[in-house]
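One structure is given below, encoded as structure tokens.
What follows is calculated from the coordinates using simple rules that are stated; it is not laboratory data. Values in this document were obtained by computation on a predicted structure and should not be read as measured data. Reconstructed Cβ throughout: ideal geometry from the backbone, glycine too, with neighbour counts over all protein chains shown.
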């Protein structure tokens, strides 16, 4: 099972070459590929602030990629406490780390802070 961070979601929808070959293969071969409700929230905020253009049919594009949406639960929210070293990091990323950990998913990301961590479930999306 995979959980995609926001950058990876955008790369997937745009068929961006920055999404690495191994990452693409992982997405294509995963039993389940999740996008967190927190990621949709983050991308929507960026769209509203004019920092990001999203296709009008963004949810349709994700559905065409076979994406399953992952709701945010109280357990996920409380799970950020398991990663105190990320206290000052982006709150959306902290939540994704907690979700991946609790749901036993690999987190596919290009975030250098997360990739430099010792979390075995954080996977480089550029490879």
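Within segment 10-29, take every residue that is within 15 Å of residue 67 (Cβ to Cβ) and touching a helix residue (DSSP H, G or I) at 6+ places or on another chain (Cβ under 6 Å) and give me the one that is surrounded by the fewest Cβ atoms within 10 Å (Cβ to Cβ). Per the stated criteria, the residue is 13. Those helices (runs of 4 or more DSSP H) of segment 16-127 in which at least 2 residues are touching a strand residue (DSSP E or B) at 6+ places or on another chain (Cβ under 8 Å) and within 15 Å of residue 5 (Cα to Cα), considering only elements entirely within it, cover 21-29, 37-48, 91-103, 112-115. Within segment 86-114, can you find the residues that are surrounded by fewer than 17 Cβ atoms within 10 Å (Cβ to Cβ) and over 13 Å from the mean Cα position of the chain (by Cα)? Once the filter is applied, which keeps residues that are surrounded by fewer than 17 Cβ atoms within 10 Å (Cβ to Cβ) and over 13 Å from the mean Cα position of the chain (by Cα), segment 86-114 yields 87, 88, 89, 102, 104, 112, 113.
Any chance segment 68-85 includes a residue that's on the phi < 0 side of the Ramachandran plot, in contact (Cβ under 8 Å) with a residue 60 or more places away in the chain and either surrounded by 13 or more Cβ atoms within 10 Å (Cβ to Cβ) or within 15 Å of the chain's Cα centre (by Cα) (or both)? So that I can check it myself, show each step before the final result.
Quick first cut of segment 68-85, residues on the phi < 0 side of the Ramachandran plot only: 68-85.
Subsequent filtering for residues that are in contact (Cβ under 8 Å) with a residue 60 or more places away in the chain retains 70.
Keeping just the survivors that are either surrounded by 13 or more Cβ atoms within 10 Å (Cβ to Cβ) or within 15 Å of the chain's Cα centre (by Cα) (or both) gives 70.
Checked segment 68-85: at least one residue is on the phi < 0 side of the Ramachandran plot, in contact (Cβ under 8 Å) with a residue 60 or more places away in the chain and either surrounded by 13 or more Cβ atoms within 10 Å (Cβ to Cβ) or within 15 Å of the chain's Cα centre (by Cα) (or both).
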